[in-house]
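Colleague: The structure that follows is given in the form of structure tokens.
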Amino acid sequence: MPEQSPIYRVAVPSPLYSHFDYLPPAQSREKLVPGARVRVPFGRRAVIGIVLAAADRAAVAREKLRRIERVLDEQPVLPQKLLALLAWAAEYYHHPIGEVLAAALPQWLRAGRPGEAPGVEVWRAAPGADPGALKRAPAQRRVLEALMAASDGLEAETLAALTPRWRAATGPLERRGFVARTQRPCLPPYREPAEPGPTLNEDQRAAVEAIVAGFDSYGCFLLHGVTGSGKTEVYLAAARAALARGRQVLVLVPEIGLTPQLVARFERRLGLRVAVLHSGLGDAARYCAWRQAAEARTAVVLGTRSAVFTPMPDLGLIVVDEEHDPSYKQQDGFRYSARDLAVLRAARERIPVVLGSATPSLESVRNAREGGYRLLGLPERTGVAALPAVRLLDMRRLAADEGLSHPLRTAIAERLARGEQSLLFLNRRGFAPAWLCRDCGRVAVCHRCDARLTYHHARRRLICHHCGAEERPPEACPACGAREARALGEGTERIEAALAKVFPKARVVRIDRDVTRRQGALEEQLARVHAGEADILVGTQMLSKGHDFPNVTLVGVVNADQGLYSADFRAPERLMQQILQVAGRAGRADKPGEVLVQTWHPGHPLFTALVNHDYESFLSYALSERRDTGFPPYSFLALLRAESPKNGTALEFLRAARASAGAPAGVEIMEPAPAPMEKRAGRWRAQLLVQSTSRKPLHAFLDRWVPALTALRQARQVRWSLDVDPGDMY
Ligand code: ADP
Ligand code: ZN
């Protein structure tokens with residue numbers, strides 16, 4: 001009997017919970033390697049899939065199998081180790097393997113482009129180019145001057161950050177022969193020697209020594225130190241030790257923590273070019289950096305969430321900065337936690353992982369208290385001021401005009417008089433969170449969501465922050481016809497307007513998603529603050545990470561109560577973390593800061609801990625509350641969500657799901673319930689919570705349950721998803 005050709009298991013990007021079997025391509029003799037891309041027929045289309053393994057036997061009869069059309073890679077694009085991690089993640093998060101692999105691959109590879117790294121297009125100033133000849137073309141002049149200062153040239157993204165009119169500017173410059181377009185390798189060489197850092201203090205040294213002593217074996221270190229305590233210096237020293245051993249280093253940062261300043265600091269201090277990976281990059285630039293890491297041609301990768309999947313053959317250390325940050329959890333599709341997968345990856349690769357934070361998550365704290373993680377503390381602030389004094393403003397007793405109480409105004413006025421800066425934090429953009437008819441009390445709501453519309457004054461629009469719907473504020477109330485509408489409550493836009501009225505001479509800079517939508521706008525605003533061209537900053541949590549404002553000596557938390565009594569059990573933890581993060585941005589040695597917190601609940605234990613800078617007592621309070629209510633970290637959750645444009649359908653599916661679950665041992669299955677926001681973007685949403693005190697029975701149950709769900713008749717009438725370890729309950 002002739003030897004049968006092998007069968008290949010291929011993961012294709014599809015929401016189906018399985019891989020698919022294929023025969024090898026027609027003329028091929030060679031064995032295909034797992035991790036290589038192949039083009040395969042799938043339904044009536046052809047798609048790019050990844051070979052998972054070879055097998056002797058298929059799930060269906062051989063005659064029914066189709067052939068792989070084409071093999072795209074001789075070498076695997078996903079190395080074996082990473083493929084195994086991803087397969088594990090697909091099982092753990094109960095997500096289709098094809099979609100998991102697609103989430104890990106750069107778009108460049110998913111689109112079927114060749115595996116060789118592309119160059120990056122850059123513009124360079126030509127010798128002899130003369131900005132003086134461009135007096136009447138300021139945009140061209142700006143671009144040219146920037147190019148003359150950059151010996152390796154600048155790419156499209158950098159130019160776009162410089163001026164939105166860069167395209168219109170480079171054309172004429174090229175025609176005049178002032179600039180030329182070329183390709184450069186994706187990471188330009190770094191030519192400066194590494195800069196020495198500060199001498200580490202004793203706590204930092206102890207932390208670095210503990211991490212370095214653990215090289216070549218798995219260990220998870222929780223580095224807990226307030227903002228400015230020198231965590232980044234610990235990362236840098238540990239990274240240098242790993243590099244000295246010829247190993248690569250992966251550093252994960254939250255979405256808004258990845259600033260050009262941080263990248264520059266790593267490059268300067270390590271004396272090498274860092275590969276940066278985040279979702280804002282173009283496909284080619286991103287793939288370029290990814291590929292460099294995969295070929296071990298770059299030693300350090302600095303990236304956001306999905307960078308946890310970067311292939312790094314010599315990986316020796318992983319750092320997760322601000323490990324508590326919610327942006328590490330993917331909120332749709334493949335809902336993984338990059339922090340948790342980083343820990344798992346470190347365990348599988350037998351290397352240390354450092355989780356750093358000023359405000360560690362309750363999960364990590366429990367792990368550290370119970371011995372799974374090793375706690376490294378940095379109790380002192382270095383280089384910057386002592387911790388700012390925190391004072392609560394009891395809003396039950398204070399009048400507030402447009403959200404600003406008298407003591408807060410006075411404190412701002414003092415800063416203005418002294419030439420210092422103030423920062424006002426409010427996690428709500430827009431002018432006002434409600435639009436109210438003064439006659440009948442009707443509040444404008446979104447027709448597609450269970451939500452109020454936010455009034456945006458500059459655009460004169462009512463906007464839904466959940467689905468993006470917009471409308472013009474009605475002239476007359478649709479309910480009673482009165483023309484007495486009023487904007488109720490405060491958003492950042494209103495605070496900015498109020499400040500302009502009270503302090504007409506002050507220069508106010510607002511930083512939120514509305515002002516910074518345009519690329520480069522955030523950098524411009526921050527540059528104004530750092531150049532001292534701002535007296536007062538108003539902003540959302542965009543201010544809370546990655547930026548330091550040494551001349552800010554006052555932080556005002558405009559409304560600290562959002563989230564205090566929210567439906568989400570994590571809300572108080574997030575609130576505490578945000579306030580502490582924002583407070584940590586301010587002050588330096590000669591100018592200590594002050595934090596004023598406006599609240600209607602000054603007696604809440606969270607605020608007591610805040611005033612005393614006592615994160616430990618907050619942790620004890622929050623942990624005991626979680627223990628009493630049986631929430632994480634004292635239990636493990638999975639949330640089954642469903643939605644449908646038809647009212648009732650989502651709940652019906654969940655009832656059927658509940659019925660199909662039976663009564664598994666060690667697992668508690670709640671009753672289906674409408675989601676906290678039941679209607680969103682025209683869909684009715686419901687959810688079903690599954691809970692267990694340990695992971696094992698929970699996952700044993702999910703392993704059985706998820707296939708059963710896909711088979712339910714009602715499953716075809718809804719959009720459903722399973723969220724393992726959900727980050728929020730909406
Ligand atoms: P974190 O990451 O905890 O916010 P950083 O590592 O950024 O803290 O340190 C805050 C500031 O203090 C930085 O300017 C840093 O250069 C400086 N710094 C850190 N460690 C030391 C040290 N041991 N001696 C002097 N300055 C230090
Ligand atoms: Zn809406």
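The values are calculated or read from the model by the stated rules, or taken from the named source; none is laboratory data. Owing to the predicted nature of the structure, the values given are computational and were not obtained by experimental measurement. In this analysis, Cβ positions are derived from the backbone assuming ideal geometry, glycine residues included, and neighbour counts consider all displayed protein chains. Just so you know, the surface numbers come from the protein's heavy atoms only, side chains and all, with ligands and any DNA or RNA stripped out. Shrake-Rupley method; radii C 1.70, N 1.55, O 1.52, S 1.80 Å.
Colleague: What shape does region 1-86 have by the C-alpha gyration tensor, where a ≥ b ≥ c are the square roots of the eigenvalues, rounded means a/c under 1.5, and otherwise prolate means a/b greater than b/c and oblate the rest?
Modeller: rounded
Colleague: Something else: To the nearest 20 debye, what charge dipole does the chain have about its Cα centre, counting +1 at the Cβ of each Lys and Arg and -1 at the Cβ of each Asp and Glu?
Modeller: So the magnitude is around 2100 debye.
Colleague: Using θ = phi - 60° and the Karplus form 6.51 cos²θ - 1.76 cosθ + 1.60, what ³J(HN,Hα) does each residue of region 234-251 get, whole Hz, x for Gly and Pro?
Modeller: Each residue of region 234-251 in turn: 5, 4, 5, 5, 5, 4, 4, 5, 5, 4, 5, 8, x, 9, 9, 10, 10, 10 Hz.
Colleague: If the reach is capped at under 24 angstrom between alpha carbons, list the lysines near K646, excluding any in the same chain fewer than eight residues apart.
Modeller: Cα-Cα hits under 24 Å: K679.
Colleague: Kindly flag which residue pairs out of K81/K329; K231/K696; K231/K329; K31/K329 have an alpha-carbon separation exceeding 27 Å in this structure.
Modeller: K231/K696; K31/K329
Colleague: Moving on. In units of 2.2 N^0.38 Å, what is the alpha-carbon radius of gyration of region 384-532?
Modeller: Cα Rg divided by the expected 2.2 N^0.38 Å: 1.21.
Colleague: Oh, and also: Can you find, among V274, L404, A708, the residue farthest towards the positive end of the dipole of the chain? Put +1 on the C-beta of Lys and Arg, -1 on that of Asp and Glu.
Modeller: A708
Colleague: Something else about it: Where does region 306-385 land on Rg/Rh, using Cα atoms and the Kirkwood Rh?
Modeller: 1.00
Colleague: Summing +1 for each Lys or Arg and -1 for each Asp or Glu, what net charge is found among the other residues whose Cβ lies under 14 Å from the Cβ of G520?
Modeller: Neighbourhood net charge equals +2.
Colleague: What is the chain's relative contact order, in percent, from Cα pairs under 8 angstrom and six or more apart in sequence?
Modeller: It comes to 11 percent, rounded to a whole number.
Colleague: How large is ³J(HN,Hα) for each residue in region 618-633, as worked out from phi by the Karplus curve 6.51 cos²θ - 1.76 cosθ + 1.60 (θ = phi - 60°), to whole Hz, x for Gly and Pro?
Modeller: 4, 4, 5, 4, 5, 5, 5, 5, 5, 5, 5, 8, x, 9, x, x
Colleague: Hull surface divided by four, with the convex hull built on the Cα atoms of region 330-432: how many nm²?
Modeller: So the mean shadow area of the Cα hull is 12.2 nm².
Colleague: Cα extents of region 36-135 along the three principal axes, largest first, in whole Å?
Modeller: In descending order, the Cα extents are 74, 31, 24 Å.
Colleague: Mind pulling up the Rg/Rh value for region 41-98? Radius of gyration and Kirkwood radius, both on Cα.
Modeller: With Rh from the inverse mean 1/r over Cα pairs, Rg/Rh is 0.98.
Colleague: Long-range amide H contacts for L315: which residues qualify at under 5 Å (H placed 1.01 Å from N, peptide plane, sequence gap of 5 or more or a different chain)?
Modeller: Q248
Colleague: Something else now. Given the alpha-carbon gyration tensor of region 198-309, what are the semi-axes of its equivalent ellipsoid in whole angstrom, ordered largest first, with each equal to the square root of 5 times an eigenvalue?
Modeller: Over the Cα atoms of region 198-309, the semi-axes work out to 24, 16, 13 Å.
Colleague: I've got another one for you. Decide, for region 481-607, between rounded, prolate and oblate: order the square roots of the alpha carbon gyration tensor eigenvalues as a ≥ b ≥ c, take rounded if a/c falls under 1.5, and otherwise choose prolate if a/b is larger than b/c, else oblate.
Modeller: Because a/c hits 1.5 or more and a/b fails to exceed b/c, region 481-607 counts as oblate.
Colleague: Same structure again: Just want the answer: with Cβ charges of +1 for Lys and Arg and -1 for Asp and Glu, which residue in F178, A160, Y190 is farthest toward the dipole's positive end in region 159-205?
Modeller: Value: F178.
Colleague: At q = 0.12, 0.22 Å⁻¹, work out log10 I(q)/I(0) for region 648-730 with the Debye formula, treating every Cα as an identical point scatterer and leaving solvent out; two decimals please.
Modeller: Normalising to I(0) and taking log10 leaves -0.34, -1.13.
Colleague: Farthest toward the dipole's positive end in region 130-278, which of A150, A238, A169, given Cβ charges of +1 (Lys, Arg) and -1 (Asp, Glu) about the Cα centre?
Modeller: So the residue we want is A169.
Colleague: Search the structure for amide H atoms under 5 Å from the amide H of R680, placed 1.01 Å from N in the peptide plane, and list their residues when 5 or more places away or on another chain.
Modeller: D450, R685
Colleague: Summing +1 for each Lys or Arg and -1 for each Asp or Glu, what net charge is found among the other residues whose Cβ lies under 10 Å from the Cβ of V71?
Modeller: Around V71, the surrounding residues sum to -1.
Colleague: Would you pull out the residues with amide H under 5 Å of C186's amide H, same chain only if 5 or more places away, H placed 1.01 Å from N?
Modeller: V120
Colleague: Could you give P(r) for region 587-682, binned at 5 Å from zero, as whole percent values over all Cα-Cα pairs?
Modeller: Result returned by the calculation: 2, 9, 12, 12, 12, 11, 11, 10, 9, 5, 3, 2, 1.
Colleague: So, one more: What are the ³J(HN,Hα) values, in whole Hz, obtained from phi via the Karplus relation 6.51 cos²θ - 1.76 cosθ + 1.60 with θ = phi - 60°, for each residue of region 600-609 in sequence order, with x given for Gly and Pro?
Modeller: Residue by residue, region 600-609 yields 8, 10, x, x, 5, x, 4, 6, 4, 5 Hz.
Colleague: Now for a different question. Inverting the mean 1/r over all pairs of different Cα atoms, compute the Kirkwood radius of region 167-224 and quote it in Å.
Modeller: 17.0 Å
Colleague: Going from most exposed to least, what order do Y287, Y373 have by accessible area with a 1.4 Å probe?
Modeller: If we order Y287, Y373 from most to least accessible, we get Y373, Y287.
Colleague: In addition: If you roll a 1.4 angstrom probe over the protein chains with everything in place, what fraction of the accessible area of the chain belongs to carbon and sulfur, to the nearest %?
Modeller: 50 percent
Colleague: Counting other C-beta atoms within 10 Å, and keeping those with at most 15, which DSSP coil trypsin sites (Lys or Arg not before Pro) do you find in region 590-666?
Modeller: Here the sparse-neighbourhood loop sites are K646.
Colleague: Over the residues of the chain, compute the C-alpha Rg and express it relative to 2.2 N^0.38 Å.
Modeller: 1.03
Colleague: Let me ask something additional. Quick check: residue separation of S624 and R167 times 0.36 nm, minus the Cα distance between them. What number comes out in nm?
Modeller: Roughly 158.8 nm would be gained on extension.
Colleague: What distance in nm lies between label points placed 7 Å from Cα along the C-beta direction at Q331 and E295?
Modeller: About 3.7 nm separates the two model spin labels.
Colleague: Oh, and also: As a test of the formula, what do you get for the chain when each DSSP H run with n ≥ 4 contributes -39,500 (n - 2.57) and the sum is divided by the residue count, at 222 nm and rounded to the nearest 500 deg cm²/dmol?
Modeller: -9000 deg cm²/dmol
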